[in-house]
1. Quick test of your reading of the structure: E17 fulfils all but one of (1) surrounded by 10 or more Cβ atoms within 10 Å (Cβ to Cβ); (2) over 25 Å from the mean Cα position of the chain (by Cα). Name the failing condition by number.
2. Of all the residues that make up region 45-66, how many are open to solvent by 90 Å² or more (accessible area, probe 1.4 Å) and either under 22 Å from L4 (Cβ atoms) or more than 15 Å from the chain's Cα centre (by Cα) (or both)?
3. Do we find that I36 is open to solvent by 70 Å² or more (accessible area, probe 1.4 Å), free of Cβ contacts under 8 Å to residues at least 12 places away in the same chain and aliphatic (A, V, I, L, M) in this structure?
4. From R27, R62, which residue is modelled with pLDDT of 95 or more and in a helix (DSSP H, G or I)?
Amino acid sequence: TNLLSLNASIEAEKAGEFGKSFSVIAREIRRLADLITHAASDIQKITGEIITAVSTSQDGVRTFSQEIKTSVEEIDKVNQQLSHLIAETNALKL
């Protein structure tokens, strides 16, 4: 788009007085090129923010998953201890 704008400006200059209306088109093409540049920059920034957010979310899910695994292991240990206590209590009753 930048090249198109530059080419339109050159052609408008070559045409002299007759190129004035074409010069308006060249300016609008240049404005469009600037808008595209800014939009591309914004898209790149937003994409970077999304990638960071996804990465942070993945880390959070990994941490949460590990905490769940640890909790399940601790519950299993408590369950084994309770089973052992129940078995000992039942043995004392006899």
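1. E17 satisfies all of (1) surrounded by 10 or more Cβ atoms within 10 Å (Cβ to Cβ); (2) over 25 Å from the mean Cα position of the chain (by Cα) except (1).
2. 4
3. Considered against the rule, which asks whether it is open to solvent by 70 Å² or more (accessible area, probe 1.4 Å), free of Cβ contacts under 8 Å to residues at least 12 places away in the same chain and aliphatic (A, V, I, L, M), I36 comes out as no.
4. Only one candidate passes the filter, namely R62.
The values are calculated or read from the model by the stated rules, or taken from the named source; none is laboratory data. These numbers were taken from a predicted model, which means no experiment stands behind them. No Cβ is skipped: glycine too gets one built from the backbone with ideal geometry, and neighbour counts run over all protein chains shown. For accessibility, only protein heavy atoms count, side chains too; no ligands or nucleic acids. Shrake-Rupley method; radii C 1.70, N 1.55, O 1.52, S 1.80 Å.
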